[in-house]
Every structure is written in C-alpha cells, then in structure tokens.
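Heads up: the structure comes next, in structure tokens.
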Amino acid sequence: MVNDRLSVLLELVPTRAAEWPAGVDPAYEPVPLTRAVRGAAAPTDHPAETLVVRADIARAALHDLRSHRHIVGVWADPQVAPIAEAIDCTPQVPTGSSADVARALGADRVWKDAAYRGQGAVIGIVDGGVDGARFPVTGGWSPDPRSPPGDAAVAWEGHGNMCAFDAAIACPETQFHDYSIGKTAPGAGVGGLLSSALQSFQRALTSFRTGGTPQVLSNSWGLYQESWDPFPPGDPGNYTRNPDHVFTRKLVELLDAGLLVSFAAGNCGGVCADPRCADDQGPGRGIWGASGHERSICVGAVNLRREWIGYSSEGPAALAREKPDVCGFSHFAGWFPSDTGTSAACPVVAGVLALLAGSRRGLTQDRARAALRATTGRGRWDPRFGAGVIDAHGAWAALAP
C-alpha cells in the first residue's frame, strides 16, 4: 500500500522562512548546498547556492510543490537502517580477536614505522549513537536534543558503540564525534531518516572547516531494498539511482573540502542475504545511493581467514560499476562476542583512513581510495571482494611523499 504522506527534502532558493510551503519541519535546521545539479539535469535558472529543509507532505501535493516558485527540487527522504545483525553463512563464532584484526591490517606496523597511533585524529560515527562513558566523544550532533552526542541512551541496540570500537582497532588513540542519526527527533515519529544523515554531514563539514575535525566519517547504514526509496527510478526526487540527490551532492561537497568518508556496502549478498533485502540480493542489487558513488570508499566484508562473507553486498552499485572498493574484516570478537556485517568492516576501514590521514598529511579521499585499492595484492576488481582486502601498512608505504 502506498503511503499517502511522505517525509521529503525540499531544495529551496534562499528566501525568508515565511515564504516556504506548508509542511516544513521548523525544528530541522536548513542545510546549505553549494554544488549545483549536474549537466542536463540542471535547470537553466538553478541557483549556485540552495537550502535544503525537511517537510511532511501529502503525496498528492507533489506536483504543486515541484512547480512552487521557490522550490528547486523535491527529493526522497527514505528511512535507513543499520547494516548489522545479518544471517551468517557459518555459525556466529568469531574467527579471531580485535588484536588479530590489527595485525592482519598491518596497523601495528604503521604504529611502529610512523610512530603514530591516532593522536589528534577524530572519527565521526554516523549511526545510532556512541556512549561517551565508554568512548572519548568530543563532538557531534543528535536529532533529539534530549539525548545529546555521547549520551548513554543510544539507539539501534548499541550498533554505534560497535562501530566506535571497531574504528579504534587501527587508530587506538582516536577521539570520536557522535552523529546519532538513529535517534528520533521530537515529533518526527521515526528515527533513521536520510534527512538526519544530511544534517550530520553538514555539521561535520562545518566542524571540519572550523577546527579540522572530524577527518573521517564512518557510515554503517543504508537501504536494504530499492523500494525503501519512496520515489522510483526515473523520478526526479529519487535517491537510490540519482547522483544529483541532495544527500549525494552533499557527500561530494565534503570530499572536495577534504574529509574522508567510508560506507558499508550492505548485507544483501546473494549467498545468504539478510531477510530484509527481500528480492534485492545478489550482483547489482544491494549498493544504493551515496554508498555506491564513484568517489565513496565502499566496504565489503571478509573474515580473518580472508574468506568472503556470503551476505556482503555484491557490485556493481547503482551509481558506479566498481563497488565495493575494498573489503575490511568482520566476524571477530570486539564490542560484541562477534562483530558482524559490513557494519563492522566499514569502521575498521575508517580507522585505517584516520591512521593514514594522521601520518600522511594532506591526504584526500581520492588518493586514499586509490592507495587502498592498489595495495591489496589482488590485482583486479571483483564484484564480491572489490579490489581486495585492505593492507594498512601497504597503503601507508604507497602514500610516502
């Protein structure tokens, strides 16, 4: 059944709030966007800078909104979910410990050769919340003002705590920014909307431009099915397949500014996909939206025996062919008795990115992605493994001045 009401993102020309259409959420801080729609998709009068707000609208009002004089675009604001707790193809027994992961990555060799273990590094965990009593949380944002960054009341069953733990494996002296998108804003009715991730990316960008942190954002969330997008492929507001969606354009803005960003590929691999994937499983049916953008660092999963985990989403992505980029480690004893899913693999790679950024100054997303892909030893891209399993020390050596 089609829902008669939608949460959407409205892209507006800068104007007074009094001139905005009805339904705009007054509690949602407008997100500025400076990257225009690309190529043929761009209206000739598209402004250089726009504002993005969240609104609750009737589906029947879409046509009128798209013709509103102050609206540049009406974009999907789908619900997202943590990429976690997938069905394992083997019993949920860890294949090693977090210390084994550090050695397998070669992170311990970077610590020695670079004399660096993450001092001054900050990783943003975009997830359900990070408990500041367990981890050094120094900033972030929450959609719920009653539960600020670092609050012990986390959403998504401690998934964000797992991500923080796993990010610290390669970068043990890092600090964290907690962008707890899984928490529910007062009156919003549901947690984990793409609009909360958009707000988090804007907060991280502002913080980075002001104080240089966070340097890395880890994203272990996504859409399990293409049908979660309320706008189908071909609709101008679509997220899953449209590189001009406001969130994906905001991602590019962050990368251009100098932040490093990793995404979990997802848990919809064809061998033993998460049941939430339904029919969207197997090659080309699991990596949607910004996680599969050509410049994202999209992370699949292997265990410590370097075996591909059968639910790790397979490429190509909706937006780029060679996704995932690389694989990180999963199925190890960490925050939980077994940290599983591409949700664990993604922050493992984010920790490596923070380690590289702190020991190779001026590192950009494109250089980091190229170095990770070039040093796996695999030699070719594969729809399951990507370019191969990351080698932190190999990438560090390849990035030498």
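The values are calculated or read from the model by the stated rules, or taken from the named source; none is laboratory data. Because the structure is predicted, anything quoted here is derived from the model rather than measured. No Cβ is skipped: glycine too gets one built from the backbone with ideal geometry, and neighbour counts run over all protein chains shown. Keep in mind that these areas ignore ligands, DNA and RNA; they rest on the heavy atoms of the full protein, side chains included. Shrake-Rupley method; radii C 1.70, N 1.55, O 1.52, S 1.80 Å.
Highest GNM mean-square fluctuation, the chain, Cα pairs closer than 10 Å: which of Ala204, Ala17, Ala345?
Ala17
Over the stretch 122-165, what percent of the accessible surface lies on carbon and sulfur atoms, probe 1.4 Å?
It is 52 percent, rounded to a whole number.
Just for the stretch 234-366, what percent of DSSP beta bridges are antiparallel, to the closest 5?
Counting DSSP beta bridges with both partners in the stretch 234-366, the antiparallel share is about 20 percent.
Once every DSSP H run of n ≥ 4 in the chain is given -39500 (n - 2.57) and the sum is divided by its residues, what mean residue ellipticity at 222 nm do you get, rounded to the nearest 500 deg cm²/dmol?
-7000 deg cm²/dmol
For Cα pairs less than 8 Å apart in space and 6+ apart in sequence, what is the mean separation divided by the residue count of the stretch 269-310, i.e. the relative contact order in percent?
Computed value for the stretch 269-310: 36 percent relative contact order.
Quick one: helix 341-359 against the long Cα principal axis of the chain, what's the angle to the nearest 10°, folded into 0 to 90?
80 degrees
Determine the per residue accessible area of the chain with all protein chains present and a 1.4 angstrom probe, expressed in square angstrom.
37 Å²
Cross-link candidates for Lys323: which aspartates and glutamates have Cα within less than 17 Å, leaving aside residues fewer than 8 places away along the same chain?
Glu226, Asp280, Glu294, Glu314, Asp366, Asp382
Thr138: accessible area at probe 1.4 Å, nearest 10 Å²?
80 Å²
What's the FRET efficiency of Arg59 with Asp256 using the Cβ-Cβ distance as r and R₀ = 35 Å, to the nearest 0.05?
About 0.50, to the nearest 0.05.
Before anything else, pin down the relative contact order of the chain: Cα pairs under 8 Å, at least 6 apart, normalised by residue count, whole percent.
Reported relative contact order: 18 percent.
Leaving out ligands, DNA and RNA but keeping every protein chain, what accessible area does Phe176 have, in Å² rounded to the nearest 10, with a 1.4 Å probe?
0 Å²
Measure off, as a whole percent, the carbon and sulfur share of the 1.4 Å-probe accessible area of the stretch 194-339, all protein chains present.
50 percent
If eta is 1.306 mPa s and T is 10 °C, what Stokes-Einstein diffusion coefficient results for the chain, Kirkwood Rh from Cα pairs, in µm²/s?
Rounded, D is 76 µm²/s.
Per the chain: cysteines with no other Cys C-beta under 4.7 angstrom?
Cys163, Cys171, Cys298, Cys327, Cys346
Mind ordering 164-170, 71-77 by average Cβ neighbours within 10 Å, highest first?
Result, highest mean Cβ count within 10 Å first: 164-170, 71-77.
For every other residue with a beta carbon closer than 13 angstrom to the beta carbon of Trp111, add +1 if it is Lys or Arg and -1 if Asp or Glu, then tell me the sum.
Every neighbour counted, the sum reads +1.
Between Asp25 and Ala397, take the C-beta separation as r, use R0 = 56 Å, and let me know the FRET efficiency to the nearest 0.05.
In this case the efficiency is close to 0.70.
Would you mind putting 109-119, 350-360, 127-137 in packing order, based on average other-beta-carbon counts within 10 Å, highest first?
Listed from highest to lowest mean packing, they are 350-360, 127-137, 109-119.
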